[in-house]
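The structure appears below as structure tokens.
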Number of protein chains: 2
Amino acid sequence: MTDRRHPLRGLTPDEMKHAAAVLKKTLQQNAGGSTDNIRFQHITLDEPPKALLLPYLDAESAGVEPLKRPWVPRCARITWSHVHERQDCETVVSLDTEAEVTHIDHQAPQHNGLDRDEVIAATIAILTDPAVVAEIKKFQLPENVAVQCDTWPFGTDLSSKEDDPKLIQTILYARAPHNHLESNQYSFPIPISPVYDPFLKRVIRIDTVATGGKEDGLKHNTVAPEVALKHLVENEYHSDLQKGNLRKDIKPLLIVQPEGVSFTVEDETKISWQKWTFRVGFNWREGMTIHDVRYDGRKLFYRLSMSEMTVPYGDPRSPHHRRQAFDLGDAGAGITANNLSLGCDCLGTIQYFDGCLSDSAGEPYKAPNVICLHEQDNGIGWKHTNPRTDVAAITRARILVVQSIITVGNYEYIFAWHFTQSGAIEFETHATGILATSLIDKGKTSFWGNVVSPGILAANHQHLFCLRIDPMIDGLENTVIQEDTVAIPYSRQENPNGNAWKVVKTPVESSGFADAAPEKNRVFKVVNEKKINAISGSPVGFKVVAQATQLLIADQCSTVRRRARFAEHHLWVTKYRDGELYAGGHKTNQSHDETGGVFDAASRSENVRNTDVVVWQTYGMTHNPRVEDYPVMPVEILTVALKPVDFFEKNPALDVPPSTQSINKSVLVGQADQS
Amino acid sequence: MTDRRHPLRGLTPDEMKHAAAVLKKTLQQNAGGSTDNIRFQHITLDEPPKALLLPYLDAESAGVEPLKRPWVPRCARITWSHVHERQDCETVVSLDTEAEVTHIDHQAPQHNGLDRDEVIAATIAILTDPAVVAEIKKFQLPENVAVQCDTWPFGTDLSSKEDDPKLIQTILYARAPHNHLESNQYSFPIPISPVYDPFLKRVIRIDTVATGGKEDGLKHNTVAPEVALKHLVENEYHSDLQKGNLRKDIKPLLIVQPEGVSFTVEDETKISWQKWTFRVGFNWREGMTIHDVRYDGRKLFYRLSMSEMTVPYGDPRSPHHRRQAFDLGDAGAGITANNLSLGCDCLGTIQYFDGCLSDSAGEPYKAPNVICLHEQDNGIGWKHTNPRTDVAAITRARILVVQSIITVGNYEYIFAWHFTQSGAIEFETHATGILATSLIDKGKTSFWGNVVSPGILAANHQHLFCLRIDPMIDGLENTVIQEDTVAIPYSRQENPNGNAWKVVKTPVESSGFADAAPEKNRVFKVVNEKKINAISGSPVGFKVVAQATQLLIADQCSTVRRRARFAEHHLWVTKYRDGELYAGGHKTNQSHDETGGVFDAASRSENVRNTDVVVWQTYGMTHNPRVEDYPVMPVEILTVALKPVDFFEKNPALDVPPSTQSINKSVLVGQADQS
């Protein structure tokens, strides 16, 4: 059965069930019959080793029919818990042989992330816990107010012990006192934080939350609970709750593709468009992934993925200091992926991709429309007007967009890969959604954030992302080159007019890191030193173009920083190893240190010249909130681009047909629409 | 007549003629009758002093009818030459009183820029000059080859004298040996550079152009002319010349606005859209300008403009070292503005604006479609999915785009103002067009650029732009604040978990400059310290968000740098003065120093706190060309954003209606198009 499915296609529901059965059987054999102790978290495809997969992909690219391509093993990776031991494990099983392939045992203090069923169960248990109910009562909320509970991974805490149990911290909110289900809870934070043990299934303590301002420093305030929330007001984002105040002067704008789309999708996940071919993948942790990217048959990227992100908050007061989410490792970009809908998340002619995930019983379920695919007009591609003839040569830039949107509690991220006609790939990260809020006493302001609504403190925070780029520029033997543009001092010999500069190229020889240096126009290129561009005489390559954004601010000795070493530098270069996919380490939840992440990989000091390298690009935003970011935040966008540099022998978009009115059918204002 | 025209609308053709007549009359009176000595360059509106104009604009904003608004003078600025004296001048005349208002005499070594008629005359004279023809003949070009001539401002030259005459340097190219007028000349550079005096109307010398490579250093090579060009090959960008190799698999994508546009244009240049109102202006030098920007009636920006750009090249060899263009001051973004066309430069429903310019006789002529206005869908505006109900609240981000495209010889710039629904304004600069090329001997490579086609060296260069931002954030009394995000060291008292940081705000007290510091997340805000945001307690403001790009590289003592001090720092803050519009100085052509530019304005060390300030943002790109940038370059985009920071009391896009399929009418792949 499995030998006919493409090795990059996710597990089928049957394969998931098969994998769960194999694990149960293995454990039954070990534990003498009982499987009571097993709680499933995730069952997903364990991608094959590159040494086996790449020959398969090369055969596919060469047109070899599926059954004649090299054999590739089919394995499933299962994340699961020993419930009684309160321990988290991970096991890879072979679907071919039904044997255990690898097993990772519990590694204190790290835990697996929180799964969906765990979060739902926690929420119910916390909101019905008598001690929690009693505490909430003290705030004298109006009768018809619903209290809601946001679960958070239990982040940094210097008081943690190595044998810490798995914990969930929570933030409680009230909904505005009416019955609309979409009323914005984040304007009504209740300053208590129950801490819950998901294995014991009970609240182990209730922390009180600091609500003071500049005046109070780090001290907890002493406002009486019956007045603590009185200054809060509704601040709604949902259109139903705008009291009819919606704009009425925005006319429809439609994207129409009368002849359909320019892309094709084969075998469910293989996409071809404008000389590009690639596979799209999906898993619970990374969400959308991109594989086997080729242009006109030439190899470019083996795998592209959002590897990890961390969101540390800058409020030092307890328990605010514990807010540091790893939204992939702790939550999962697949689990939190939105069900995208037509006409909302993108316009035009859209193709959706479903995912398949599994629940705590190991049962598969469909995650519908988790990825969308469509084309966009992206403005002018290139233009030149010949001043002698006034003839304009102009093309539109069409792009292909592969997009996924995740909701991690209050916050949204839009991830979108843009494939262009000029040989570049861009990865866009859009941040939107609702700020994490906490209560601040009436009339106070804070060093640690901004008051964005009466009584609502939006804490300063960072979003630090790490994009994993696994290149194969005309083959696997690649080198990363740091290229700086450096002034040459005035000299009669070399720079007699003082106008010249030099381009200094430094190949990265050993695995490690480098930082952005926009003052030197620093560029990082991945090149194939054995393939020389016939025009320029330079090695063919792609450059990684990212904004030089602020790195992790937290103190050198802080747990925040120790957990997220990947966010200490902009660019990391490591030697490829199978399975080394996560910048922040394999397990991030309750980690005290980044373990098995990019820092460890770089620390191996391996040769990375003319070999199979991986590039990790860290970028982010320091978000000291504006009032305008509330109650829902306009998108902020960051882009990382992969652009050919002397890879082609001329502008690859030269053959895009000219932009003409006969095709594009634009109209003048006041003219009748021609559509 | 003039008192009824809005003071920000450009001169009518009649006003231009009137202005020319006033100047002639004045000069006749002074010179005893003759006007033979006058050669016109440009006649344009001289914008009124802010002290007179702003009350008029406030009255307009308050709904006062035109004739009851304060009186504002109407003046014309005339750029012209004393032909016999070989001198350049500028005079402002009143159209109300017919008197001379101000006069700027010739200021050696600076000259006015090159005008269109001057360039055309130079081109003809150079290409028919017997000495030039004889030199070209030595290269033994095929019979049917047309030779073409690109004129360049005569840039930096340390050998220049203060009494230097006005000069034009040129680069000669051959067209490919067939008759297509759109054949790309830039693949056939001829290594001689005639230097022309536009007042004497003759070639004063012919420079030879270095064509060597790394091997030759700064030495001129000695390749015999009859073989010098033999290794060149055609490399065409025009679709006619792609030999039928155009892509056939890109399907049409139409932007359809069935109910028309959401904006209105009154009085020809006043634009209203989604709570925004502003005026668009146009002049020969800056091209498109934006005036009197208000949001929901609140004052935001008095004037926004691309102020200057400089494009220095990094090849130290003569005469390459002289290439440093100031594309506004030397050429003019109005003069070089493209005639935009429907369905090519933008899609959807478009409104065009014409400009009016004047020729060397002082005669007005129409510059059609120099600015276009249209709406675009810009992706998701904001989104939140309520994880409890799975209900997604989502809006599309519509933007209003005001765009102009200029062609400066070989190169194109697209300038576009984006007005958003979330209160932000973005200014996009797109670079495209054809690289400036020079000849390189067969098989050689260079330190100073990249070989992008056989025998074609594209020199390294920079594009350094300066955006002038004249704010009026809730009034004229504004302050610029530099805000850094700075780590707090671990301490038991202040930062017991090491996770906190502080936001350090430093008001700029005295006119001067500052530089980007992305490692500190440095942000520059323009605030009104007297208007406090009721929610946050902070002054209302807008931030200026630009990428931290490399500044001018040229040596401290170089003429290149002395001419473009504005490009030494990212941000300048000056106290407003009428007419102080040009970062690189009033006259840039053949300047030896930036004179009257932003450096001089900042050097006045004036108080800039709580007063009428101007912010100048420098940004740019160091362009070490890729092979992919030839024969025409895919757009590279830089964005400067002006974003509200505690200016509003919530997300201003909160009232954008939700995005729905019933309005947006998207379709699934394979479904029939519903349009």
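The values are calculated or read from the model by the stated rules, or taken from the named source; none is laboratory data. In this text, all values refer to a predicted model and were calculated from it rather than measured experimentally. No Cβ is skipped: glycine too gets one built from the backbone with ideal geometry, and neighbour counts run over all protein chains shown. Only protein heavy atoms, including side chains, enter the accessible area calculation; ligands, DNA and RNA are left aside. Shrake-Rupley method; radii C 1.70, N 1.55, O 1.52, S 1.80 Å.
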Condition first: more than 30 Å from A:Pro657 (Cα to Cα) and part of a strand (DSSP E or B). Now tell me which residues in segment A:354-383 satisfy that. A:Asp354, A:Gly355, A:Cys356, A:Leu357, A:Ser358, A:Pro364, A:Tyr365, A:Lys366, A:Ala367, A:Pro368, A:Asn369, A:Val370
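Consider B:Ile371 carefully, then state whether it is touching a Ser or Thr at 6+ places or on another chain (Cβ under 7 Å) and more than 8 Å from chain A (Cβ to nearest Cβ). Steps first, please.
Working: touching a Ser or Thr at 6+ places or on another chain (Cβ under 7 Å): yes; more than 8 Å from chain A (Cβ to nearest Cβ): yes.
For B:Ile371, the condition - touching a Ser or Thr at 6+ places or on another chain (Cβ under 7 Å) and more than 8 Å from chain A (Cβ to nearest Cβ) - is met.
Yes/no matrix, rows are residues, columns are (1) out of contact with any strand residue (DSSP E or B) (no Cβ under 6 Å at 6 or more places or on another chain); (2) surrounded by 19 or more Cβ atoms within 10 Å (Cβ to Cβ):
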{"residue": "B:Cys557", "(1), (2)": "yes, no"}
{"residue": "B:Arg563", "(1), (2)": "yes, yes"}
{"residue": "B:Ser603", "(1), (2)": "yes, no"}
{"residue": "B:Arg609", "(1), (2)": "no, no"}
Enumeration of residues in segment B:241-255 that are at the interface with another protein chain (Cβ under 9 Å from one of its Cβ atoms) and either closer than 15 Å to A:Ile394 by Cα or among the β-branched types (Val, Ile, Thr) (or both): B:Gln242, B:Leu246, B:Arg247, B:Ile250, B:Ile255
Just checking, which of B:Arg388, B:Arg398 is over 24 Å from the mean Cα position of the chain (by Cα), in contact (Cβ under 8 Å) with a residue 12 or more places away in the chain and open to solvent by 10 Å² or more (accessible area, probe 1.4 Å)? B:Arg398
Reported set for segment A:658-675 where residues are at the interface with another protein chain (Cβ under 7 Å from one of its Cβ atoms), touching a strand residue (DSSP E or B) at 6+ places or on another chain (Cβ under 7 Å) and of a type outside the set (A, V, I, L, M) is A:Pro658, A:Ser659, A:Gln661, A:Asn664, A:Lys665, A:Ser666, A:Asp673, A:Ser675
Residue satisfying all of: in segment A:324-352; polar (S, T, N, Q) and either open to solvent by less than 10 Å² (accessible area, probe 1.4 Å) or at pLDDT 95 or above (or both); nearest to A:Thr44 (Cα to Cα) among these: A:Thr336
Note: among B:Glu135, B:Glu98, just one is on the phi > 0 side of the Ramachandran plot and either assigned to a strand (DSSP E or B) or not assigned by TED's automatic domain parsing to the domain that holds B:Ala331 (or both), namely B:Glu98
Among the candidates A:Ile171, A:Ile120, which residue alone is within 25 Å of A:Thr407 (Cβ to Cβ), open to solvent by 50 Å² or more (accessible area, probe 1.4 Å) and not assigned by TED's automatic domain parsing to the domain that holds A:Val22? A:Ile120
Output yes when any residue across segment A:446-463 is within 9 Å of chain B (Cβ to nearest Cβ), surrounded by 23 or more Cβ atoms within 10 Å (Cβ to Cβ) and aromatic (Phe, Trp, Tyr), and no when none is. yes
Pull out all pairs, ordered by first then second residue, where Cβ-Cβ is under 8 Å, the residues are six or more apart or on different chains, the first lies in segment B:601-629 and is within 19 Å of B:Asp515 (Cα to Cα), and the second is of a type in the set (Phe, Trp, Tyr) and open to solvent by 30 Å² or more (accessible area, probe 1.4 Å). B:Ala602/B:Phe513; B:Val613/B:Tyr576; B:Val614/B:Tyr576
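Could you check segment A:635-645 and list, in sequence order, the residues that are facing chain B (nearest Cβ under 7 Å) and open to solvent by less than 10 Å² (accessible area, probe 1.4 Å)?
Selection gives A:Pro644 alone.
Restricting to segment B:237-257, and then to whatever is outside any loop (DSSP other than H, G, I, E, B) and of a type in the set (Val, Ile, Thr), can you tell me which residue is nearest to the chain's Cα centre (by Cα)? Steps first, answer last, please.
Here is the first cut: in segment B:237-257, the residues outside any loop (DSSP other than H, G, I, E, B) are B:239-241, B:254-256.
Now drop any that are not of a type in the set (Val, Ile, Thr), which leaves B:255-256.
Details: B:Ile255: 28, B:Val256: 30 Å.
Among those that are outside any loop (DSSP other than H, G, I, E, B) and of a type in the set (Val, Ile, Thr), it is B:Ile255.
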State yes or no: is B:Val72 of a type outside the set (D, E, K, R), in a loop (DSSP other than H, G, I, E, B) and touching a residue at least 60 places away in the same chain (Cβ under 8 Å)? yes
Regarding A:Val256, is this residue in contact (Cβ under 8 Å) with a residue 40 or more places away in the chain and out of contact with any Cys (no Cβ under 7 Å at 6 or more places or on another chain)? yes
Restricting to segment A:312-359, give me the number of residues that are in contact with a Cys (Cβ under 8 Å, 6 or more places away or on another chain) and in contact (Cβ under 8 Å) with a residue 60 or more places away in the chain. 4
Tell me the residue from A:Gly433, A:Gly409 that is open to solvent by less than 10 Å² (accessible area, probe 1.4 Å), on the phi > 0 side of the Ramachandran plot and touching a strand residue (DSSP E or B) at 6+ places or on another chain (Cβ under 6 Å), please. A:Gly433
Test result for B:Glu529, in contact (Cβ under 8 Å) with a residue 40 or more places away in the chain, more than 10 Å from chain A (Cβ to nearest Cβ) and touching a Pro at 6+ places or on another chain (Cβ under 8 Å): yes
Within segment B:178-186, is there a residue that is assigned to a strand (DSSP E or B), crowded, with 18+ Cβ neighbours inside 10 Å and in the same structural domain as B:Pro142 (by TED's automatic domain parsing)? no
Looking at segment B:514-530, can you tell me whether even one residue there is open to solvent by 50 Å² or more (accessible area, probe 1.4 Å) and of a type in the set (A, V, I, L, M, F, W, C)? no
Among the residues of segment B:538-568, what is the count of those that are under 22 Å from the mean Cα position of the chain (by Cα), more than 9 Å from chain A (Cβ to nearest Cβ) and not aromatic (Phe, Trp, Tyr)? 10
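So if I check each of B:Ile380, B:Ile350, which one is aliphatic (A, V, I, L, M), within 9 Å of chain A (Cβ to nearest Cβ), within 30 Å of B:Asp267 (Cβ to Cβ) and more than 21 Å from the chain's Cα centre (by Cα)? So that I can check it myself, show each step before the final result.
Working: B:Ile380 fails: within 30 Å of B:Asp267 (Cβ to Cβ).
Every option except B:Ile350 fails the conditions.
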For B:Glu234, work out the one condition from (1) more than 7 Å from chain A (Cβ to nearest Cβ); (2) on the phi < 0 side of the Ramachandran plot; (3) outside any loop (DSSP other than H, G, I, E, B) it doesn't fulfil. (3)
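Is it the case that B:Val261 is modelled with pLDDT of 95 or more, in a loop (DSSP other than H, G, I, E, B) and of a type in the set (Val, Ile, Thr)? Working first, answer last.
Working: modelled with pLDDT of 95 or more: yes; in a loop (DSSP other than H, G, I, E, B): yes; of a type in the set (Val, Ile, Thr): yes.
The answer is yes for B:Val261.
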Can you find a residue in segment A:79-95 that is of a type in the set (Phe, Trp, Tyr) and closer than 25 Å to A:Glu363 by Cβ? yes
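A quick yes/no check of all residues on (1) closer than 25 Å to A:Val119 by Cα; (2) surrounded by 21 or more Cβ atoms within 10 Å (Cβ to Cβ); (3) at pLDDT below 95:
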residue: A:Asp3; (1), (2), (3): no, no, yes
residue: A:Leu8; (1), (2), (3): no, yes, no
residue: A:Ala19; (1), (2), (3): yes, yes, no
residue: A:Thr26; (1), (2), (3): no, no, yes
residue: A:Pro49; (1), (2), (3): no, no, no
residue: A:Pro55; (1), (2), (3): no, no, no
residue: A:Asp58; (1), (2), (3): no, no, no
residue: A:Leu67; (1), (2), (3): no, no, yes
